[in-house]
Each structure stands twice: as C-alpha cells, then as structure tokens.
Amino acid sequence: MFKSIEFKDDVLILLDQRKLPNVEEYFHCHNLEQVIYSISDMVVRGAPAIGASAAFGVLFAYKESSNYDQFIKKCEDLVNARPTAVNLKWAVERMTVGINSDNFIDKEDLLLQLAIEIYEEDIKINKTMAKYGNELIKKGDKILTHCNTGALATVDYGTALGVIREAHFSGKEIFVYADETRPRLQGARLTAWELIKEGIPSMLLPDGASGILMESGEVNIIFVGADRIALNGDTANKIGTFNLAIVAKYFNIPFYVVAPSSTFDLKMNSGKMIEIEFRNEDEIKTIEGIQIAPKEIRGFNPSFDVTHNELIAGIVTEKGIIYPPFSENIRKVLG
Ligand code: MRU
C-alpha cells in the first residue's frame, strides 16, 4: 500500500497528488516554504492530510526561527496556505499551544513527538469512524461519493472512503459511484485510483450525471467528507457537494458526512461564517495545460460549498454518529 505522507530523516515526503493516477512520484519537503507550497498547490490535499502535513510544517517553522515572534509569524503563514479546511488551523494550534516567548528553547523533540501523535492518531480515528459508518450500510448497498476522502486525503484509510473500504472488506458487497469532481478531478484521478487499487466494484460519473443516477434508483446512500463543520452542522466540502445533497433530499436518499472532530469549528455558529477558497480560474478553463475555453471568458471557481444542515442525515465522527438537531447534539457528542 502507498503512503500519502511520511516523515523520515527530517524530510516530509508527500505522494504528489497533482501527478496521479499516471505518475506515482514523491515530493520532498526539507523546509517550511516547501510545506506551504505543497499545501497551496495541492501536492497534498484533503483536510486531515493537510492538517498532518502542517504539523510537520510547524516543526520546520521552529527549526527555522531564532525567536518566538518569528516562529509565530511563520506559523501564521502556514495557516494561510489554504483557508477552508480547518484541520490546518487545528493542527497548528495543537502544535503551538504550549509554547510561548518564555519557554521557547529546546522544543524540537516535543514538536516532533506532537506531530507524530497527530499523524498516528489520524489513522486510528479513521478506522473508528469507518466502523461507525459501516453500521449505516446494508448488504448490496449502492453508494455515491464525491471528491477524494481516502488514504490520499488523510494519513491513511480515509474518512468517507474509509467507511466504504470497511463496508467492502466486511463483505457487504457494495457498489460505489464516484463523482469525477470538476475542476481538479479528485474523484476521477484519486478516488477511482484508490477504488481500483482496493478492487472495490465501482463506476465513475461526471458530476452532472448524479441527478439521473439518483432518479434511476441506483443509489441507496451517500457518504462525503468535510473541510469545516459549523456548530449547526452546516458543512463545507468540495464544490458540488451542496448540489448533491439537494438532489439526494429530493429523492429521499440519506446523505451522510464523515469527519473527525478536528474538522468541527464550534466558533462558527453557521456555515455562513466559513471562508470559501476561490482558486485560479485557469483550473476550469484548462485541462492539463490545454485551453478548453476561450481565454477571454471569466471563470467562477469556488473550491468548496456549504451544505445546509437540514440536508444532512447524520455526521459520522470518531466519537459516534451525530444526528439532528445538530446545534444541540454536536456539543453533546464532541463535549
Ligand atoms: O481541495 P481539496 O482536494 O483539498 O478538497 C478536499 C475535500 O473537499 C475533501 O472532501 C475533504 O477534505 C474531506 S477529506 C477526508
């Protein structure tokens, strides 16, 4: 099995997700600048994977700083690499919380240990969520998913795709439909790659075909991941998730979000407060560097959208499945 993220001999090694599925190449980060580049350019992507990579980024930030103020400034630059996935901010805060200007020296070992803890914890959390999520799946279910939420988007196993893995390996005889996920094609390039590697029966579809697929009765349940979840359950995830949830509601198909507690931002009362990342319009006007639309046309390219809480049947976390009313139950379950 491949490793999406590895820290070895003081180097953060990332499977370069920009090149998959055609080329399996690793990107080596020797310093903070390379970690920030990897996150913003999407060498590594997916909220938990970004969080785990950022943890090692904080270690580089520390090694490259001669005082506390410099260190904090570098950590801020790291947090700003991508705005929507809260796991980035969460990881940086967890790494830096015990450090201040008075105790700044000799923290390298502690930061390395903390980063390894975040890394290893992610795998355990995903396996726990997979078990809870699998309880929602019946034998023979046909599952629709969006974007990539697998071993590539996390340290290993995945969130929504982790649930799908678990269902497959527990003999549920599932079938998976994967949205291609325009414009970066995480579904086509990454989820399809993981599904094929695992031998999970599956099919790829253009995002726009999910409506007719659901209408045909071919989908029993939907699982997606999340980049930030507000206190009322509103969920930011890859662009197109919101459309999917609306159509699912129309056809009475249960729509589940799978995300670790680190993806919740309880300071945000609703999804309206979540900052949505807008990426370069060339992502939609070109494919692999080839122009597919007139250069002159303007492009609308939000990388995420927010699915309203009333469209969500439940949120699978490592602490259990959270059901509506979310404002009440998120606090109860996450504490
Ligand atoms: O822009 P990306 O590829 O980083 O977006 C990823 C997603 O939206 C995932 O669905 C989300 O991070 C959950 S990953 C386990």
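The values are calculated or read from the model by the stated rules, or taken from the named source; none is laboratory data. This one's a predicted model, so the numbers in the text were calculated from it and none came from an experiment. Methodologically, a virtual Cβ is constructed for each residue, glycine included, from the backbone with ideal geometry; neighbour enumeration extends over all protein chains shown. Heads up: the accessible areas ignore ligands, DNA and RNA and are worked out on the full protein's heavy atoms, side chains in. Shrake-Rupley method; radii C 1.70, N 1.55, O 1.52, S 1.80 Å.
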Right, E173: open to solvent by 30 Å² or more (accessible area, probe 1.4 Å) and among the charged types (D, E, K, R) or not?
yes
Somewhere in the stretch 97-117, is a residue surrounded by fewer than 14 Cβ atoms within 10 Å (Cβ to Cβ) and on the phi > 0 side of the Ramachandran plot?
yes
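Taking the conditions exactly as written (touching a residue at least 60 places away in the same chain (Cβ under 8 Å) and open to solvent by 30 Å² or more (accessible area, probe 1.4 Å)), does P254 satisfy them or not?
Values: touching a residue at least 60 places away in the same chain (Cβ under 8 Å): yes; open to solvent by 30 Å² or more (accessible area, probe 1.4 Å): yes.
Answer is yes for this residue.
G211 - would you say it is farther than 25 Å from I125 by Cα and over 16 Å from the mean Cα position of the chain (by Cα)? Write out each step before concluding.
Details: farther than 25 Å from I125 by Cα: yes; over 16 Å from the mean Cα position of the chain (by Cα): yes.
For G211, the condition - farther than 25 Å from I125 by Cα and over 16 Å from the mean Cα position of the chain (by Cα) - is met.
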Please determine, by comparing only the residues of the stretch 275-317 that are among the aliphatic types (A, V, I, L, M), in a loop (DSSP other than H, G, I, E, B) and within 16 Å of the ligand (Cβ to nearest atom), which one is nearest to the chain's Cα centre (by Cα).
I276
Looking only at the stretch 110-141, and only at residues there that are farther than 12 Å from Y157 by Cβ and of a type in the set (G, A, S), the one that is farthest from the chain's Cα centre (by Cα)
G140
Mind listing whichever residues of the stretch 23-54 are in contact with a helix residue (DSSP H, G or I) (Cβ under 6 Å, 6 or more places away or on another chain) and away from the ligand (no atom under 16 Å from the Cβ)?
C29, N31, L32
Output the residue which, of all residues in the stretch 1-15 that are surrounded by 18 or more Cβ atoms within 10 Å (Cβ to Cβ) and not polar (S, T, N, Q), is farthest from the ligand (Cβ to nearest atom).
F7
Against the definition (within 16 Å of the ligand (Cβ to nearest atom), within 24 Å of Y132 (Cβ to Cβ) and modelled with pLDDT of 95 or more), how does S261 come out, yes or no?
yes
Hey, any hits in the stretch 105-120 for a residue that's within 16 Å of the ligand (Cβ to nearest atom) and in contact with a His (Cβ under 9 Å, 6 or more places away or on another chain)?
no
Among the numbered conditions (1) within 13 Å of the ligand (Cβ to nearest atom); (2) in contact with a Pro (Cβ under 9 Å, 6 or more places away or on another chain), tell me where V224 comes up short.
(2)
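Report yes if V97 is in contact (Cβ under 8 Å) with a residue 24 or more places away in the chain and aliphatic (A, V, I, L, M), otherwise no. Spell out the reasoning first.
On the way: in contact (Cβ under 8 Å) with a residue 24 or more places away in the chain: no; aliphatic (A, V, I, L, M): yes.
The answer is no for V97.
Let's see how each residue does on (1) in contact with a Phe, Trp or Tyr (Cβ under 9 Å, 6 or more places away or on another chain); (2) away from the ligand (no atom under 16 Å from the Cβ); (3) under 20 Å from R82 (Cα atoms); (4) of a type in the set (F, W, Y):
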residue	(1), (2), (3), (4)
G162	no, no, no, no
S210	yes, no, no, no
N220	no, yes, no, no
I229	yes, no, yes, no
Looking at (1) out of contact with any strand residue (DSSP E or B) (no Cβ under 7 Å at 6 or more places or on another chain); (2) more than 24 Å from L161 (Cβ to Cβ); (3) in contact (Cβ under 8 Å) with a residue 24 or more places away in the chain, can you tell me which one C29 breaks?
(1)
Would you point out which residue out of L88, L136 is open to solvent by less than 10 Å² (accessible area, probe 1.4 Å), of a type outside the set (D, E) and in contact (Cβ under 8 Å) with a residue 24 or more places away in the chain?
L88
Counting only residues that are surrounded by 24 or more Cβ atoms within 10 Å (Cβ to Cβ) and among the β-branched types (V, I, T), which one in the stretch 231-251 is nearest to the ligand (Cβ to nearest atom)?
T241
